Every structure is written in C-alpha cells, then in structure tokens.
Amino acid sequence: MRFKLCAVLLLIFISFQLDAVTIKLKDSVVVRDDNIYLSDICESINDKNLLICESPAPGTKRIIPSRLVEIRLKQAHLRDIKFEDSDRCEVYRSADIVSDEMIKDNILEFLNKNRPEGVFNPEYRFIKLPGKVYVKEGKIRLEVQAKNRKINFYGSNFLEVKVYVDDEIQKNINICVDIESMVEVAVAAREIPRGKIISEEDIFLTLKRYKEIPKDAYDKLELLIAKRVRHFIDKDICLTPRDVEIPPVVKRGDEVTLISKIGNIVISVKGEAREDARLGDKIWVKNIQSGKMVQGVVTDCNRVSVGGNL
C-alpha cells in the first residue's frame with residue numbers, strides 16, 4: 001500500500017512539473033530499445049515512465065506526430081500542454097546488420113563440419129541471399145540447420161538460418177544451396193580388351209564430378225581386381241558392374257572331376273565341361289567313362305557335384 005501511494009504521489013509530482021512546461025519535440029532521434037518514451041523525443045524531459053508507442057523495426061524509422069504525444073499525455077491525466085516549434089519527431093531505430101557474408105560463412109562452416117568421408121572438393125552455389133538483415137543491437141549468433149536433416153552433397157539443400165541477438169531469436173532466414181562435389185572412382189588406366197582379367201595395372205582411382213559419373217561406378221579397386229571385362233573399355237572410362245563379371249572357374253572343354261555322393265559312398269569320375277561356369281553355377285558335363293551328359297553344380301576349380309546322377 002505504501003509503495004502504491006508513493007507511486008501516485010510521484011505521478012502527481014511529475015504531472016505538476018510537466019503541466020508547468022512547454023513540450024518541444026526533437027526534430028529527429030535515434031532509439032535502441034523496443035519502446036519510445038516521452039523523454040526520448042522531447043527536450044528537457046527525463047521521464048522514462050510515459051510510453052508513447054513502440055519503436056520501429058531495427059534499421060527503419062517512423063514519424064511521431066505531436067497529436068499522438070498529446071493523446072498519451074491526456075491519458076496520463078496531463079492537461080494544457082503546449083508544443084513549441086516542431087509538430088513531429090522522426091524516430092530512427094538503431095540496428096546491427098547481418099550481412100550476406102556472415103550468413104555464407106556460417107553456412108559453409110556448418111556444411112564443412114557435416115561433410116562425410118568420400119566427398120571431395122565441394123562447390124557451393126547460393127541460390128538467393130537476403131542482402132542486409134537488420135536486427136536490434138546486441139550480441140549476434142547464427143544457428144544453421146538442414147530442413148531435411150540430411151545434407152545432400154550432390155544436389156540442392158534447403159537450410160534454415162536462425163538469427164539470435166543476446167540469445168533471443170530475431171529472424172528465421174531460409175536459404176537454398178546447391179552443392180556439387182567430387183567423388184573417388186575407379187577408371188581404366190589404359191584400353192582394356194574384352195575378356196581380359198583385370199590387374200592393378202589396368203585401373204586407378206581418380207576424382208570426378210558426381211554428376212559426370214554413373215551412380216553405380218566402382219570406388220574401390222579391390223572390387224575390380226581379378227574380374228573379367230565383358231566388352232572393350234576405353235582409357236579413363238569409369239567402371240561399373242555392367243562392365244565386368246566374375247571369371248569362370250571352369251571353361252568349356254576343361255577336364256573336371258565329377259563327384260557323386262550316395263549316403264556315405266563318394267564316387268569320382270572324369271568329365272568334360274560343356275560350357276563356362278562360375279562357382280555355384282549349374283553346368284552340363286559329359287561323363288567321359290560312360291559318355292552320358294549330366295548336370296551338376298561347380299563347387300571348386302574343376303570340381304562338379306552331380307549328386308547321385310552319374
């Protein structure tokens with residue numbers, strides 16, 4: 001109760017003082033806070049309690065007419081106020097600037113921090129930047145995150161940049177960034193003829209733009225060594241699963257051993273392969289002893305399991 005009484009007496013005292021003076025609006029003024037008070041726009045007034053209106057957005061201005069000031073004074077029960085000279089005050093709101101360079105630097109730091117292994121020499125293209133972004137004065141901090149959570153280093157990305165001032169969020173800026181990266185792929189070191197078994201001298205790893213290579217291109221040499229080339233491959237061509245195959249362990253005309261197992265009895269006889277085959281392939285084989293054609297599965301180099309069918 002005592003506090004309220006003091007506040008009322010203070011208001012009466014201030015009112016009395018203001019009633020005794022002529023109000024003179026400043027021609028222009030710069031404010032920093034969110035609100036404009038009488039003391040901000042009037043000369044010789046130090047009252048910080050009488051709110052006139054909200055401040056303009058950072059980096060912008062607004063005109064405060066004397067009529068608005070008069071209304072606020074009457075609302076505060078102040079009468080017979082006279083205005084000297086100017087009938088308006090131009091109020092500018094001070095601001096800090098978030099530049100395009102600041103936004104780009106924070107985005108690049110975010111992208112490089114989240115770049116996975118196997119992605120090389122990324123090039124970034126910013127589709128559209130906002131220009132100058134005005135925020136209220138204070139300590140600025142930017143926070144970047146991907147809208148789709150996962151970053152695509154071989155295409156378009158939609159990012160959100162949150163602007164904080166003194167740890168309070170002020171702006172959300174949406175930015176689109178196109179990324180074009182290089183990847184390591186296996187290419188032919190020289191011309192490779194059809195049917196050749198690939199050796200280390202035939203291939204090497206190099207960097208190529210992701211958009212320039214097949215999506216299933218090999219990126220490890222060990223996946224190609226000892227495979228057979230299906231068709232002629234020119235120098236510097238990326239290799240894919242369509243270009244190579246596992247070479248057969250049995251070739252047409254090879255002498256093979258036919259294995260027949262019945263219970264605990266194992267019988268082996270000589271046979272002649274009638275076609276090329278890899279491990280696990282079914283193959284027709286001629287039983288040299290009987291001349292009979294049998295079908296079996298290649299289980300090892302020059303070994304064919306025919307079950308009980310000899």
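The values are calculated or read from the model by the stated rules, or taken from the named source; none is laboratory data. Not measured: the values here are computed from a predicted model. Backbone-built Cβ (ideal geometry, glycine too); neighbour counts: all protein chains shown. All accessible areas refer to the heavy atoms of the entire protein, side chains included, with ligands and DNA or RNA removed. Shrake-Rupley method; radii C 1.70, N 1.55, O 1.52, S 1.80 Å.
Assorted remarks:
- Cβ-Cβ FRET estimate between ASP236 and SER268, R0 fixed at 41 Å, reported to 0.05: 0.25
- Take every Cα pair under 8 Å whose residues are at least 6 apart in sequence, average their separation, divide by the length of the range 202-310, and the relative contact order is 20 percent.
- Per residue, the average separation of C-alpha pairs within less than 8 Å and at least 6 apart gives the chain a relative contact order of 10 percent.
- Phi angles of the range 294-307 translate, via the Karplus equation with coefficients 6.51, -1.76, 1.60 and θ = phi - 60°, into HN-Hα couplings of 10, 10, x, 10, 6, 10, 6, 4, 6, 10, 10, 8, 10, x Hz per residue; Gly and Pro are given as x.
- Normalised per residue, the volume of the convex hull around the Cα set of the range 211-256 (Å³): 95
- The simple spin-label model puts a point 7 Å past each Cα toward its Cβ; for ARG62 and TYR134 those points are separated by 1.3 nm.
- Cα-based helix-to-principal-axis angle, 100-113 vs the chain, degrees rounded to 10: 40
- Of the three principal axes defined by the Cα atoms of the chain, the extents in descending order read 131, 49, 24 Å.
- Between ILE225 and LYS261, the distance separating the two model label sites (each 7 Å from Cα on the Cα→Cβ line) works out to 3.2 nm.
- 0 to 90° range, to nearest 10: angle between helix 2-19 axis and the chain longest Cα axis: 70
- Between ILE288 and SER305, the distance separating the two model label sites (each 7 Å from Cα on the Cα→Cβ line) works out to 2.3 nm.
- Placed amide H near GLY155: partners under 5 Å, 5+ positions off or other chain: ILE179
- Potential lengthening of the chain between LEU207 and GLU184 amounts to 7.8 nm, from the contour at 0.36 nm per residue minus the alpha-carbon distance.
- 222 nm mean residue ellipticity, helices alone, for the chain (DSSP H n ≥ 4; -39,500 (n - 2.57); rounded to 500): -4500 deg cm²/dmol
- Shape metrics for the range 96-208, restricted to C-alpha atoms - Rg then Dmax, Å: 20.7, 72
- Rolling a 1.4 angstrom probe over the chain with all protein chains present gives an accessible area of which 49% lies on carbon and sulfur atoms.
- Accessible area per residue, Å², the chain with all protein chains present, probe 1.4 Å: 62
- What the phi angles of the range 270-285 give under the Karplus curve with 6.51, -1.76 and 1.60, with θ = phi - 60°, is a coupling list of 7, x, 10, 5, 9, 6, 6, 7, 9, 4, x, 6, 7, 9, 8, 10 Hz, glycine and proline written as x.
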